[in-house]
1. What do you get for Rg/Rh of the range 202-297 when both radii come from the Cα atoms and Rh is the Kirkwood radius?
2. Solvent-accessible area per residue for the range 8-127 at a 1.4 Å probe radius, Å²?
3. List the lysines whose alpha-carbon lies under 20 Å from that of K125, not counting same-chain residues fewer than 8 positions away?
4. Give the long-range amide H neighbours of V80: residues separated by 5 or more places, or on another chain, with amide H under 5 Å away, using H modelled in the peptide plane at 1.01 Å from N.
5. Tell me, in nm to one decimal, what length is gained between R165 and T92 on full extension, where the rule is 0.36 nm per residue of separation less the Cα-Cα distance?
6. Once you have a ≥ b ≥ c as the square roots of the Cα gyration tensor eigenvalues for the range 8-127, tell me rounded if a/c is under 1.5, and otherwise prolate or oblate according to whether a/b is larger than b/c.
7. Just to confirm a number: summing +1 for Lys and Arg and -1 for Asp and Glu over residues other than D32 whose beta-carbon lies under 11 angstrom from that of D32, what do you get?
8. Report the paramagnetic label zone for E261: residues of the range 219-240 whose backbone N is under 18 Å from a point 7 Å from Cα along the Cα-to-Cβ axis.
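The values are calculated or read from the model by the stated rules, or taken from the named source; none is laboratory data. Note that the coordinates shown come from a computational prediction; the quantities given were computed from them, not determined experimentally. Methodologically, a virtual Cβ is constructed for each residue, glycine included, from the backbone with ideal geometry; neighbour enumeration extends over all protein chains shown. For the accessible areas, the whole protein counts, side chains as well, though only heavy atoms, and no ligand, DNA or RNA atoms are used. Shrake-Rupley method; radii C 1.70, N 1.55, O 1.52, S 1.80 Å.
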Amino acid sequence: MSSQAPTRVLVVDDERSIREVLEDFMTVEGYDVVAVANGEAALEAIVAQRFDAALIDLKMPGMDGLEVLARFGELAPHLVPVMMTGYGTVETATAAMRNGAYDYVLKPFKVREVIGLLERGLEQKRLEAENVHLKDVLKQTVQAFANLLEDKDPYTRGHSERVSRYARMIAEGMGLSDEQVDTIADAALVHDIGKLGIRFEDLNKAEPLTESEYEMFKSHTTRGKWMLEPIEFMHELIPGVYHHHERWDGKGYPLGLVGEETPLMARILSVADTYDAMTSHRAYRRALPHDVAVRELEAFAGTQFDPQVVEVFVREIARDRQGQSSKAQRWKALEGISRPATPSRVNSQETAQETAEATSFDAASMAATSLGE
Ligand SMILES: [Fe+2]
């Protein structure tokens, strides 16, 4: 037994001999055992005290083992339940496993065998709890890094969050697992973390970067990798941080990887990052309208970007915008019902100004190759 406090086990069995054998043997082995004779007493015990595991007989008069298991699932979800059964009820025991039992033992059993089973179940629970804890720590650390970067570079405020949202959209659209989607979204939040190591005054300026400034800018990918390397639980984000400036045709950096040599995570971030960079204002240029940014992505699919990723993004962002605009229309309709609309001169002036900006924009001068951050 690895933990300091004794493991607390509740034994539920109507057979007195089984209760006694388990209680005696397991107590000698260092477990803290409470044995009860029926389901009702088991529920009372579980409400009053905390147990780590339970050994539950399937066939008992009154409340049977399956019902006890179901109630334990509600009252003590952290607990490891192991069913005890005779040959005649093995099918019920496998049904119990589908309903949350960790495993079952066949009577007559050796107590040593039961202890081995319990320990494996407890170890699995410990690992699951540790995993959940690590995931929380990862989320908090990622957010802290993202906040730090955005605090240092006001021009990218909101950028990481938006890139994360677009990356999630693509990853979901590609049918990746929930875990992969979360990892990609987290990597997006810190993709530019390496910029913490470079001078922003040199980079956020209206004039083009000098060659050495550009080299400095490019180093944020390797700096990001270097920053995350000592933090083991963030390692899964490194492929996105390190490779998000690779290009499909191999002309990107830091390694010049070609096509699928670049990890999928990074190919997704590249599209999400570039779209957001194009549609946001920067010191050196104005934001591009959505349609123009999408045309740019499509124009560079197969050279700068993974064509499949672009295709999925274009489809998903269209769906997202459609959803948002119908939501906005519904709100407008609701507002119209509650409050008659009054024409706003300011709004119409702003709209005219936006249209003028959009139409005067010269897309050809803004090749996507220069974008992405
Ligand atoms: Fe970047």
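1. On the way: Rg = 14.6 Å, Rh = 14.7 Å.
On the Cα set of the range 202-297, Rg over Rh gives 1.00.
2. 50 Å²
3. K135
4. When sequence neighbours closer than 5 places are left aside, the close amide H contacts are A53, A54.
5. Result: 21.7 nm gained on full extension.
6. On the way: a/c = 1.11, a/b = 1.05, b/c = 1.06.
Taking the square roots of the gyration eigenvalues as a ≥ b ≥ c, the range 8-127 is rounded.
7. Numbers: positive: R8, R50; negative: E23, E29, D52.
With Lys, Arg at +1 and Asp, Glu at -1, the neighbours total -1.
8. Only 222, 239-240 pass the distance filter.
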